[in-house]
Amino acid sequence: MMHRKESPASGRNLGAGILLLCSLAAPGWLEAQSFRDLKMPDRPLVLKAQGSFYVGGEKSKQTRVELGNLGPEGNITIHQMYVRFMIPKGGEKNVPVVMVHGATLTGKSWETTPDGRMGWDEYFVRKGHPVYVPDQVGRGRSGFNQAVINDVRAGLAPPERLPNFIRFSDEVVWPNFRFGAKPGEPYAETKFPVEAVDELSKQGVPDLTYSGLPVPTPTIRALADLAGELKGAVLMGHSQSGPFPLEAALLNPAAAKALVLVEPGRCPANYSEEQIRTLAAIPILAVYGDYLDTSTGISPEPFWKQSFDGCQALIRRINAAGGRAQMLYPPERGVRGNSHMIMQDRNHLQIADWILAWIRQQVTAKRGKKRAAAIPPGTVPASSERAR
């Protein structure tokens, strides 16, 4: 196994400054991340199985033009959701965890961090949970439907039918993901590894969720179906997909063993009383990082503070109906500096341990019980610093 020795803090800060300047310079070729830079765990990862599969999808008959003139007209599959999984040896008895990524990203969000540390997907597996990581419908290995683009290109459809592909610029990422109020100027206590921000940039992909897919996105139905196939799962969403676990649970309540909303872009305020009663039967945890008052760089409004407040309001509604909804907000526990990409922050295993403890209390140890349990306070356990 390979191990990378940490440099002194002063040297690390100097290197980070140089890298930040490079990342915001004129467009050009970026240095490749080296395999040697990855931090390898001391112990092997022991799996019963790993692999991938697809959930959902529908047949679409398309013309020669829509297929890009690659042969005559025919049928293809669209709106399917790709899922990668790892099942630890002996982990079949533990509740599976499904981790869904946010806007302009893929399942890579949960894998190796931009600076080469173990991601949440592997860490949760090492803690005994089967983990399933989808790519949202329309992105990554789920693919997207190219038909309308080819129709417009051939003059068979008007340009306004083109979907709007969105991407975050490297500059907007800084305030929107709350690394710092301005590009290249990290907050003094930031937990995100800003020296590796260019590696995060490489994770970005075009996203047509808001204009190129059916409404609601087929990802929600696919998540509900996946949870059913797994005979129950913890559904975890991030950012854009933050509310997806709620929506999937309403489609298949029996399969939603718990919901974890990581920095959700919104917590719906328009649920009916019947929907609230359904959600009240499911343990729910919302998780937010620091610096919520930061302007996103997209609009002047403190979007993440508004989102946080909306989730607090939903938690109150659910608990008033007898539910078990909670907020995990690290600053209330004396932990400052977490970003929107909390699963990639330097203390990401500390956050993961809090979530895992909550899952043990709400799903494993107290399955079927209706009372809430507090998230254990504390700092990063020694076992989190080096994965078993």
Farthest positive-ward along the chain dipole, Cα basis, beta-carbon charges - from VAL205, GLN240, GLY71: GLN240
Signed unit charges on C-beta, dipole axis of region 152-206, positive-most listed residue ASN164, PRO193, PHE177: ASN164
Shape of region 41-188, Cα gyration tensor, a/c cut at 1.5: oblate
Debye, to nearest 20: dipole size of the chain, +1 on Lys, Arg Cβ, -1 on Asp, Glu Cβ: 1580 debye
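For region 214-262, state which trypsin sites (Lys or Arg not before Pro) are in a DSSP loop and have at most 11 other beta carbons lying within 10 Å of their beta carbon.
LYS231
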Cα-Cα over 25 Å, subset of LYS39/LYS202; LYS39/LYS305; LYS48/LYS231; LYS39/LYS108: LYS39/LYS305
Signed unit charges on C-beta, dipole axis of the chain, positive-most listed residue VAL148, GLY323, SER60: GLY323
Cα-centre dipole for region 227-349 with unit charges at Cβ (Lys and Arg positive, Asp and Glu negative), debye to 20: 320 debye
³J(HN,Hα), Karplus 6.51/-1.76/1.60, whole Hz, each residue of region 106-116, x for Gly, Pro: 9, x, 4, 3, 8, 8, 3, 5, x, 9, x
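For region 288-358, rounded, prolate or oblate, judged on the Cα gyration tensor with a ≥ b ≥ c (square roots of eigenvalues), a/c < 1.5 rounded, else prolate if a/b > b/c?
Note, shape of region 288-358 comes out oblate.
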Within the accessible area of region 252-310 (1.4 Å probe), percent carbon and sulfur: 53 percent
Gyration tensor (alpha-carbon) shape descriptor, the chain, a/c threshold 1.5: rounded
Kyte-Doolittle at least -1.0, axis length at least 24 Å by Cα - qualifying DSSP helices, the chain: 303-320
Sum of -39500 (n - 2.57) over DSSP H runs of 4+, divided by residues of the chain (222 nm, nearest 500): -7500 deg cm²/dmol
Cleavage-rule hits (GluC sites (Glu not before Pro)) in region 155-192: DSSP loop, at most 12 neighbouring Cβ within 10 angstrom: GLU189
DSSP beta bridge pairing in the chain, given as percent antiparallel to the nearest 5: 50 percent
Electrostatic dipole magnitude of region 125-252 [Cβ: Lys, Arg +1; Asp, Glu -1; Cα centre; debye, to 20]: 320 debye
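The values are calculated or read from the model by the stated rules, or taken from the named source; none is laboratory data. Note that the structure is predicted; figures quoted are calculated from it, not measured. No Cβ is skipped: glycine too gets one built from the backbone with ideal geometry, and neighbour counts run over all protein chains shown. In case anyone asks, the SASA skips ligands and DNA or RNA and just uses the protein heavy atoms, side chains included. Shrake-Rupley method; radii C 1.70, N 1.55, O 1.52, S 1.80 Å.
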